[in-house]
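Enquirer: Below is one structure. I have some questions about it.
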Amino acid sequence: MVSRTVFFVIILISECGRIFAYKRKFPNNFSFGAATASYQIEGGWNASDKSENIWDDLTHNTNLVVDKTNGDVACNSYNLYKRDVEMLTELGVDFYRFSLSWSRILPTGFSEKISDDGLKYYNAIIDNLLEANVTPIVTIYHWDLPKSLQDLGGWTNPLMADYFADFSNVVFEAFGDRVKTWLTFNEPLVFCQQGYGGMGKAPALNLTGVGEYLSAHTVLKAHAKVYHLYDENFRPAQKGRISMTISGQWYEPDTDSPEDLEAALVAEQFDVGWFGHPIFSKEGDYPNAMKERIMKRSEEQGYTKSRLPEFTAEEIEYIKGTYDFLGLNHYTTYSVKANGETNFVEPSFEHDRGVKVFQEATWPSSASSWLKVVPWGFTKMLKWIRSNYANPEVMVFENGFSDNGTTDDQDRINYHRLYLNAMLDAVDSGCNITAYTVWSLMDNMEWLRGYTELFGLYRVDFNDTERKRTPKSSAFYYRDVIKDRAVEHVKNKDDDDFDISLLL
Ligand code: GAL
């Protein structure tokens, strides 16, 4: 009898061991969150004294959004933020990353008039979060510029750096007693390249080959100005941290040829490096690959100087090191080939970059044409950051998968399981990663894709005036990952053969 009991105890212990052996633990103090952005969820586009921003303008006055929708109501988080906080509690996240609508807080765009209702709205969210034990992480700018400031040139106007600092000053004063993690900008590459250099985001100016570089130049100065503002005037009392969150996708060389390796290096520098090198590298300034290529193309095209503006030595120093951690938004991977395509618009970012970027047909897809499931690219991206930027603390502020909105979203679960493992592979190799964020807490207005590509852990019924939210299977999955502080082990493609030094 005794020996039978012992036998069963042994079986039980080994069974538990088996289960736990397949789970990978996250580092101690690792934190988990979910993200949203003001225009994509709030609605209340003309509530109280809020003025129009560039997304209100674009959605109301152009046909660029595929399903002809807008963010007038979106998820109606302007009214339903308490339910949002409840959802965050259901998930058990440590933090919530959300953004501020500039034209809701400063209706003229300038700080001479501050909206009481605007402040009240964000104060309520912050207070509700803190009460629920969820840490607020605030993005100051997630793409919704007041239209009044766009009319003055938007980010191509160098004075925008001052206006942005004025806006930031207002929000540090208003919320900094309770908000301890700040992000100046969300993915500047995306809104500069697609909004100024193309038509893929507001303000859709299509100033190819010039607009993207001009706007990025101001954004980098604006970021640095606000970092220093916080550092000098607010940090001593508020004791928070501030950085930028940049988009970084992985660029895999198509072959091992030196030309393809060089092409992948160039593509990465035109991506992460554009904003990463000036801020996070030891040397500062734009990456050489960008400076050289854009200079060469500009000369060939007969410009009197490079279309990439130059920083002065003083500006390089002022921008360099303006971070307390590196915010990374990562979704997917591309293959890169040297040459191969010659029909680029001239001048343009793509022509300046001058490499062929594509995705393999075998990579699993999502509802977004650009988003393929390539988890090992995430590991490589993180290792690249470790090697190029002296192993900074990395906080992953976006990672997510789009589908058509099904509530039994097994493909999303699969994506996160694979990407969490890929991230842990990077942790195992010595990357200093401290946070992971799912994009997004709930289905929302996906910019020019409207409501056709949905990323939420919660489904939002956009046909229901109540905008009812329902947890999808992925919400329960993420809740369990957070509860266990562990994810089941999945082996991603073995990348032992990958020599990161080739891309340094
Ligand atoms: C990011 C962006 C988010 C969201 C996501 C999914 O680039 O920051 O706002 O739209 O992509 O496409």
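The values are calculated or read from the model by the stated rules, or taken from the named source; none is laboratory data. What you see is a predicted model, and the numbers here were worked out from it, not measured in a lab. No Cβ is skipped: glycine too gets one built from the backbone with ideal geometry, and neighbour counts run over all protein chains shown. Accessible surface is based on the protein model in full, side chains and every heavy atom, while ligands, DNA and RNA are left aside. Shrake-Rupley method; radii C 1.70, N 1.55, O 1.52, S 1.80 Å.
Enquirer: Is it true that Asp497 is surrounded by fewer than 22 Cβ atoms within 10 Å (Cβ to Cβ), away from the ligand (no atom under 16 Å from the Cβ) and at pLDDT 95 or above?
Expert: Numbers: surrounded by fewer than 22 Cβ atoms within 10 Å (Cβ to Cβ): yes; away from the ligand (no atom under 16 Å from the Cβ): yes; at pLDDT 95 or above: no.
So Asp497 fails the test.
Enquirer: Among residues belonging to region 236-253 that are in contact with a Gly (Cβ under 9 Å, 6 or more places away or on another chain) and more than 16 Å from the ligand (Cβ to nearest atom), point out the one that is most open to solvent (accessible area, probe 1.4 Å).
Expert: Step one: of region 236-253, the residues in contact with a Gly (Cβ under 9 Å, 6 or more places away or on another chain) are 237-238, 240, 243-246, 248-252.
The next check asks that each one be more than 16 Å from the ligand (Cβ to nearest atom); those that pass are 237-238, 240, 251-252.
On the way: Ala237: 87, Gln238: 28, Gly240: 4, Tyr251: 13, Glu252: 29 Å².
Looking at the filtered set, the residue picked out is Ala237.
Enquirer: Mind listing just one residue for me: the one in region 400-429 that is within 16 Å of the ligand (Cβ to nearest atom) and part of a helix (DSSP H, G or I) and, of those, surrounded by the most Cβ atoms within 10 Å (Cβ to Cβ)? Reasoning before the result, please.
Expert: Filtering region 400-429 down to residues within 16 Å of the ligand (Cβ to nearest atom) leaves 400-405, 409, 411-412, 415-416, 419.
Narrowing further to those that are part of a helix (DSSP H, G or I): 411-412, 415-416, 419.
Details: Asp411: 17, Arg412: 26, Tyr415: 24, His416: 22, Tyr419: 28.
Restricting to residues being within 16 Å of the ligand (Cβ to nearest atom) and part of a helix (DSSP H, G or I), the top hit is Tyr419.
Enquirer: For the subset of region 123-156 comprising residues that are polar (S, T, N, Q) and touching a Leu at 6+ places or on another chain (Cβ under 8 Å), which member is nearest to Gly198 (Cα to Cα)? It would help to see each step written out before you state the result.
Expert: Going residue by residue through region 123-156, those that are polar (S, T, N, Q) are 123, 128, 133, 135, 139, 148, 150, 156.
Remaining after also requiring touching a Leu at 6+ places or on another chain (Cβ under 8 Å): 135, 139, 156.
Values: Thr135: 36, Thr139: 24, Thr156: 14 Å.
Per the stated criteria, the residue is Thr156.
The rows are residues; the columns are (1) open to solvent by less than 10 Å² (accessible area, probe 1.4 Å); (2) of a type in the set (D, E, K, R); (3) within 16 Å of the ligand (Cβ to nearest atom).
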residue	(1), (2), (3)
Asp127	no, yes, no
Glu131	no, yes, no
Val134	yes, no, no
Asp144	yes, yes, yes
Thr208	no, no, no
Ala224	yes, no, no
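Enquirer: Here is a list: Tyr436, Tyr451. Which entry is aromatic (Phe, Trp, Tyr) and part of a strand (DSSP E or B)?
Expert: On the way: Tyr451 fails: part of a strand (DSSP E or B).
The conditions single out Tyr436.
Enquirer: How about region 463-482: which of its residues are outside any helix (DSSP H, G or I), of a type outside the set (Ser, Thr, Tyr) and surrounded by fewer than 17 Cβ atoms within 10 Å (Cβ to Cβ)?
Expert: First pass over region 463-482, keeping only residues outside any helix (DSSP H, G or I): 463-472.
Checking which are of a type outside the set (Ser, Thr, Tyr) leaves us with 463-464, 466-469, 471-472.
Correct list: Asn463, Asp464, Glu466, Lys468.
Enquirer: Right, Val460: of a type outside the set (S, T, N, Q), within 16 Å of the ligand (Cβ to nearest atom), over 28 Å from Trp250 (Cα atoms) and open to solvent by less than 10 Å² (accessible area, probe 1.4 Å) or not?
Expert: On the way: of a type outside the set (S, T, N, Q): yes; within 16 Å of the ligand (Cβ to nearest atom): yes; over 28 Å from Trp250 (Cα atoms): yes; open to solvent by less than 10 Å² (accessible area, probe 1.4 Å): yes.
So Val460 fits the description; yes.
Enquirer: Here's another thing I want to ask about it. Which of the helices (runs of 4 or more DSSP H) contained wholly in region 303-399 include at least 3 residues that are open to solvent by 60 Å² or more (accessible area, probe 1.4 Å) and modelled with pLDDT of 95 or more?
Expert: By residue number, 313-319.
Enquirer: Taking region 432-457 on its own, how many of its residues are away from the ligand (no atom under 13 Å from the Cβ), crowded, with 21+ Cβ neighbours inside 10 Å and not hydroxyl-bearing (Ser, Thr, Tyr)? If you could, list the steps in order and put the result at the bottom.
Expert: Step one: of region 432-457, the residues away from the ligand (no atom under 13 Å from the Cβ) are 432-436, 457.
Those still in the list that are crowded, with 21+ Cβ neighbours inside 10 Å too: 433, 435-436, 457.
Narrowing the set further to residues that are not hydroxyl-bearing (Ser, Thr, Tyr) leaves 433, 435, 457.
So the answer is 3.
Enquirer: Ok, one more. Among the residues of region 98-128, write down those that are closer than 11 Å to Val171 by Cα and in a helix (DSSP H, G or I).
Expert: Within region 98-128, Trp102, Ile105, Gly118, Leu119, Tyr122, Asn123 qualify.
Enquirer: I would also like to ask the following. Taking into account only those residues within region 32-73 that are outside any loop (DSSP other than H, G, I, E, B) and polar (S, T, N, Q), which is farthest from the ligand (Cβ to nearest atom)? It would help to see each step written out before you state the result.
Expert: Of the residues in region 32-73, the ones outside any loop (DSSP other than H, G, I, E, B) are 32-35, 38-41, 53-61.
Filter once more, so that each one left must be polar (S, T, N, Q): 38, 40, 53, 59, 61.
Details: Ser38: 10, Gln40: 6, Asn53: 14, Thr59: 14, Asn61: 21 Å.
Result: Asn61.
Enquirer: Return only the number of the condition from (1) open to solvent by less than 10 Å² (accessible area, probe 1.4 Å); (2) within 16 Å of the ligand (Cβ to nearest atom) that Val171 does not satisfy.
Expert: (2)
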